[in-house]
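For reference, the structure discussed in these notes is given below.
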């Protein structure tokens, strides 16, 4: 019985070691232009699975995102940004979401 428990514990410990989460931080160039854009994108990131932190620099339009690599991917994060109307690096916003943005949030408005 004791040997079985030791083997189970060792197996669990080994699996836990391999399942450790890694946090990665990336910078994504967005099409954000104002504080309303910042609020929209940061709110979307707060509800995006695996994202642990996100901050948009409005002056540079760069979003800094930290995320758990075992919960999401960079591509999923870009897609989440696209789905609220903004470009993310070379990935364009969805047309419907972009069309629904407030006038001041559109790329050509400034």
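Over the alpha carbons of segment 21-109, what is the largest minus smallest coordinate on each principal axis, giving the biggest first in Å?
Taking max minus min along each principal axis of the Cα atoms, segment 21-109 gives 40, 25, 21 Å.
Would you mind ranking 59, 107 so that the residue whose beta carbon has the fewest other beta carbons within 10 Å leads the list? Write down the numbers at each step before the final one.
Values: 59 6, 107 14.
Lowest count first: 59, 107.
Provide the FRET efficiency to the nearest 0.05 for the residue 34-residue 71 pair, computing r from the beta carbons and using R0 = 30 Å. Mind showing how you got there, number by number?
On the way: r = 30 Å, r/R0 = 1.00.
Efficiency, rounded to the nearest 0.05: 0.50.
How many times 2.2 N^0.38 Å is the alpha carbon radius of gyration of segment 59-110? Intermediate values should be presented prior to the final figure.
Numbers: Rg = 12.2 Å, N = 52, 2.2 N^0.38 = 9.9 Å.
Compactness ratio reported: 1.23.
Relative to the present Cα-Cα distance, how much length would full extension add between residue 83 and residue 95 at 0.36 nm per residue of separation?
Values: separation 12, 0.36 × 12 = 4.32 nm, distance 0.89 nm.
Extending this stretch completely gives an extra 3.4 nm.
Every read-out reported here was derived from the displayed coordinates using simple, explicitly stated rules and does not represent laboratory data. Predicted, not measured: the structure shown is a model, and the values here were computed from it. Here Cβ is always computed from backbone atoms with ideal geometry, including for glycine, and neighbour counts include all displayed protein chains.
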